[in-house]
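Encoded as structure tokens, the structure appears first; notes follow it.
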Amino acid sequence: MGLVTGLRVMLLNVDVGAGHRRAGEALCQALGGLRPGSTFRTVEALEHLGPGAGKLARDIYLGMQQELPGLWGAIYEQRGLFQLLRPLGELADDLRVELGLLPEALRFNPQLLVATHPLACGLGAGLRRSREIDAPLVAVLTDLDGHPAWVAEGIDLYLAPTAAAAADLRARGAAPGAVVETGIPLREAFSGERDRLALREPLGLERGRLTLLLLGGGLGLGPIIETARALCALQGPVQVVLIAGSNRELEEQARALARDAALPVTVTGHVENIADYMATADLVLSKPGGLTCAELLALGRPLVALRPLAGQEEANCAVLVREGAAVRADDARAAHLAVEELLRRPADLQRMEQAAARLGRPGAAKAAAREIIARLAS
């Protein structure tokens, strides 16, 4: 395909957490910077699984994470089974494409397909196999694990978060030349050096206190309020920042806690400048979602991984703990003990920072965009 100034890019997303969307948008922004005049259309892949199937799939996934996390974790680890069932999944995706997604794609006539979730990859690959859409398909991995669910016949390029994930993809059937290690695409706010102390005053924080940032993702999930209570028992010059996301109940509980706390506690709901809060923190306590992990690594921030969800988050946590950039805490007491130990041993905290910085890929979006443009031009 010949290269043009502007590109028509169809972004295939799955709405089971904001991370998939953020990675896709970051890549699209980088593509737009390299090719001005590009147009982008986001398609919710779950809407094309069949009548009511998208909502059912989302409800089953979220329900299993809440009620049967062990079962979901066991399913996720059946990697050989995912490979074995791949032809059946591709057959189902081809049928779904013919029934719904193909007409929409033909109307937009994309020059590039970008998929940020395994389900979206399957549908995108179905479009490619239809032979009516000749736009290359790029799979953007949004966790640190090269799980076989990402692999499908019809994907032209896999953007892998790490060398290990790239090797896993190749071992699970991806063509070696189709896999490139770029890191997870991130917004511009997560690139470049940041002055940690200078950021504090604009955020209403004290410069001289060790700053703990407590996150629960966009929905404010996990043992957040229990962990906040535990952190308030810490001694010394410490301050806590809790970002509740869209969870209003959590925000109200945290504000009540802050009024009686013996140390400074700053509480906020959803914020647009999350990169500033991450960059100014000495230590972050959060569930280890793929994008959150990538953002923290890009900023060189160490992590206490709070009660990872089964499957992807368990895998993300394992990578960061193995590499020395995180410690794991499955409940509030474990989080308190982990933070207390790091406060007693600042050299350990510094080593975690160094490990995070070593793993970080702040330029991933631009690197991925350049790789895509180069392949389009070849």
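The values are calculated or read from the model by the stated rules, or taken from the named source; none is laboratory data. Model, not experiment: these values are computed from the prediction. Note that we place each Cβ from the backbone using ideal geometry, even for glycine, and neighbour counts take in every protein chain shown.
Scanning region 315-341 for residues that are surrounded by fewer than 22 Cβ atoms within 10 Å (Cβ to Cβ) and in contact with a helix residue (DSSP H, G or I) (Cβ under 6 Å, 6 or more places away or on another chain) turns up Glu323, Gly324, Arg328, Ala332, His336. Against the test of being in contact with a Lys or Arg (Cβ under 6 Å, 6 or more places away or on another chain), closer than 24 Å to Ala347 by Cβ and not polar (S, T, N, Q), the options Ala305, Ala298, Ala325 yield a single qualifying residue, Ala305. The number of residues in region 130-144 being in a loop (DSSP other than H, G, I, E, B) and under 21 Å from the mean Cα position of the chain (by Cα) comes to 4. When region 31-81 is filtered for residues that are part of a helix (DSSP H, G or I), under 19 Å from Leu12 (Cβ atoms) and either hydroxyl-bearing (Ser, Thr, Tyr) or in contact with a helix residue (DSSP H, G or I) (Cβ under 7 Å, 6 or more places away or on another chain) (or both), the ones remaining, listed by number, are Leu31, Ala45, Leu46, Glu47, His48, Gly54, Ala57, Arg58, Tyr61.
Per-residue answers, yes or no, for (1) touching a Gly at 6+ places or on another chain (Cβ under 7 Å); (2) without any contact (Cβ under 8 Å) to a residue 60 or more places away in the chain; (3) within 27 Å of Arg361 (Cβ to Cβ); (4) not assigned by TED's automatic domain parsing to the domain that holds Glu77:
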{"position": "Ser246", "(1), (2), (3), (4)": "yes, yes, no, yes"}
{"position": "Ala262", "(1), (2), (3), (4)": "no, yes, no, yes"}
{"position": "Val265", "(1), (2), (3), (4)": "no, yes, no, yes"}
{"position": "Glu272", "(1), (2), (3), (4)": "no, yes, yes, yes"}
{"position": "Thr280", "(1), (2), (3), (4)": "no, no, yes, yes"}
{"position": "Glu295", "(1), (2), (3), (4)": "no, no, yes, yes"}
{"position": "Ala338", "(1), (2), (3), (4)": "no, yes, yes, yes"}
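Within region 121-152, the only residue that satisfies the criterion of being in contact with a Pro (Cβ under 9 Å, 6 or more places away or on another chain), more than 22 Å from Ala294 (Cβ to Cβ) and among the charged types (D, E, K, R) is Arg128. Residue check: Leu84 meets all listed conditions (1) closer than 22 Å to Ala178 by Cα; (2) hydrophobic (A, V, I, L, M, F, W, C); (3) in contact with a helix residue (DSSP H, G or I) (Cβ under 8 Å, 6 or more places away or on another chain) but one, namely (3). At least 1 residues being in contact (Cβ under 8 Å) with a residue 40 or more places away in the chain, farther than 26 Å from Arg322 by Cα and within 24 Å of the chain's Cα centre (by Cα) is the threshold, and among the strands (runs of 3 or more DSSP E) wholly inside region 145-243 those reaching it are 157-160, 238-243. Looking across region 66-88, the residues that are closer than 16 Å to Pro148 by Cβ and of a type in the set (D, E, K, R) come down to Glu77, Arg79, Arg86.
Summed over region 313-336, residues that are in a loop (DSSP other than H, G, I, E, B), farther than 10 Å from Leu303 by Cβ and without any contact (Cβ under 8 Å) to a residue 60 or more places away in the chain total 2. Just to be sure before I move on: is Arg301 in the same structural domain as Val327 (by TED's automatic domain parsing), of a type in the set (Lys, Arg) and within 23 Å of the chain's Cα centre (by Cα) in the structure I sent? Answer is yes for this residue.
Here Ala254 clears all of (1) of a type outside the set (Phe, Trp, Tyr); (2) within 19 Å of Thr292 (Cβ to Cβ); (3) not in a helix (DSSP H, G or I) except the condition numbered (3).
Looking at this structure, is Asn273 of a type in the set (S, T, N, Q) and over 30 Å from Leu159 (Cβ atoms)? No. Of the residues Asp134, Asp168, Asp145, only one is more than 21 Å from Arg41 (Cβ to Cβ) and modelled with pLDDT under 95; which? Result: Asp145 is the single residue among Asp134, Asp168, Asp145 that is more than 21 Å from Arg41 (Cβ to Cβ) and modelled with pLDDT under 95. In summary, Ala356 fulfils each of the numbered conditions (1) part of a loop (DSSP other than H, G, I, E, B); (2) under 18 Å from Glu193 (Cβ atoms) with the single exception of condition (1). In the condition set (1) within 21 Å of Leu46 (Cα to Cα); (2) in contact with a Phe, Trp or Tyr (Cβ under 7 Å, 6 or more places away or on another chain); (3) at pLDDT 95 or above, Cys121 is compliant with all but (3).
Taking Val339, is it of a type in the set (A, V, I, L, M, F, W, C) and not in a strand (DSSP E or B)? Criteria met by Val339. Per the listing Gly80, Gly17, the residue uniquely surrounded by 13 or more Cβ atoms within 10 Å (Cβ to Cβ), in the same structural domain as Arg131 (by TED's automatic domain parsing) and closer than 24 Å to Ala318 by Cβ is Gly17. Exactly one residue among Gly89, Gly52 is in the same structural domain as Ala18 (by TED's automatic domain parsing), at pLDDT below 80 and not hydroxyl-bearing (Ser, Thr, Tyr), and that residue is Gly52.
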